[in-house]
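Below is one structure; the comments refer to it alone.
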Amino acid sequence: MREILGRRRRLLSRRDKGRPEMLSAALTFATSWQWPVLPGVAADPQGRARCGCPDPECTVPGAHPFDPGLLAATTDERMVRWWWGNRPSAPIVLATGGSAPCAVSLPALAAARALDALDRAGMRLGPVVASPTRWAILVAPYSMEQLGELLYAKDFVPGSLRFHGDGGYIALPPSETGQGQIRWERAPLPGSAAPWVPGVEAVVDAVVEALTRTGVSAPEL
């Protein structure tokens, strides 16, 4: 058993050394853009659809914080280098809210149709993060009070929408999770400055209208 475990550790170590882009991306987010990040829990190596956390029913395998917890998210270069120096393949998790971007997410099919509608309407969007199942539109930081007032004013809000504000998180590219590869559907423009993101009001208004018109406003099953 000891020999088998030792072989598994060596295989995982060789795999981890092949992902230097994770550290590079994490450093860009944390130091150039001042987005607080931390390593996510890895997917279970015995089953990619399972999470490495203790919850057997985890709904976001490999795409959430666990150890360290979300409050450890930082923009400190030394901490980022230490984390991904020890866990080179760990997913990159953004702690949303505060001074960092928040996000509005929805199922991938609905998101693709909504983005097409927003493009036709001339709506300016910032970066959009995509997993195989959900896409997240990055928006400017907002408070829970601001979000509550915005949703209260709506006659209808699609149940498929999720909001990632203070105390929330999303996985960032190029993370590999139990849900699959995380990628940019709309990549940030090149440069050292943090990407521009729209206000949450404009995005919610446009997305709700687009989802309603395209008939994909039902909650994701």
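The shape of the stretch 98-221 can be summarised by an equivalent ellipsoid whose semi-axes, obtained from the alpha carbon gyration tensor, come to 21, 17, 15 Å from longest to shortest. Please report, ordered by residue number, every helix of the chain (full DSSP H runs) that is 15 Å or longer along its axis going by C-alpha atoms and whose mean Kyte-Doolittle hydropathy reaches 0.5. Qualifying helices, which must be both long enough and hydrophobic enough, are 200-214. Report note on the peptides 89-97, 173-181: ranked by the mean count of other C-beta atoms within 10 Å, highest first, their order is 89-97, 173-181.
Placing +1 on the Cβ of every Lys and Arg and -1 on the Cβ of every Asp and Glu, with nothing else charged, gives the stretch 102-221 a dipole about its Cα centre of roughly 340 debye.
Amide hydrogen proximity for Gly199: with H placed 1.01 Å from N in the peptide plane, the residues at 5 or more positions away or on another chain lying under 5 Å are Ala140. In terms of packing, defined here as the mean over residues of other Cβ atoms within 10 angstrom, the peptides 98-108, 144-154, 62-72, 162-172 line up highest first as 98-108, 162-172, 62-72, 144-154.
For Tyr169, the residues 5 or more places off, or on other chains, whose built amide H falls under 5 Å of its own are Thr96. Computed from the Cα positions only, the extents of the chain along the three principal axes stand at 61, 37, 30 Å, in decreasing order.
Counting only protein heavy atoms and a probe of 1.4 Å, the accessible surface of the chain is 55% carbon and sulfur.
Can you tell me the FRET efficiency between Tyr152 and Leu71 if r is taken as the Cβ-Cβ distance and R0 is 22 Å, rounded to the nearest 0.05? Efficiency, from the Cβ-Cβ distance: 0.15.
Per residue, the chain exposes 53 Å² of accessible surface when a 1.4 Å probe is rolled over the protein heavy atoms with every protein chain present.
The values are calculated or read from the model by the stated rules, or taken from the named source; none is laboratory data. Treat the numbers as computed from the prediction; the structure is a model and nothing was measured. We place every Cβ from the backbone using ideal geometry, glycine too, and count neighbours over all the protein chains shown. Just the protein is used for accessible areas: all its heavy atoms, side chains included, with ligands, DNA and RNA removed. Shrake-Rupley method; radii C 1.70, N 1.55, O 1.52, S 1.80 Å.
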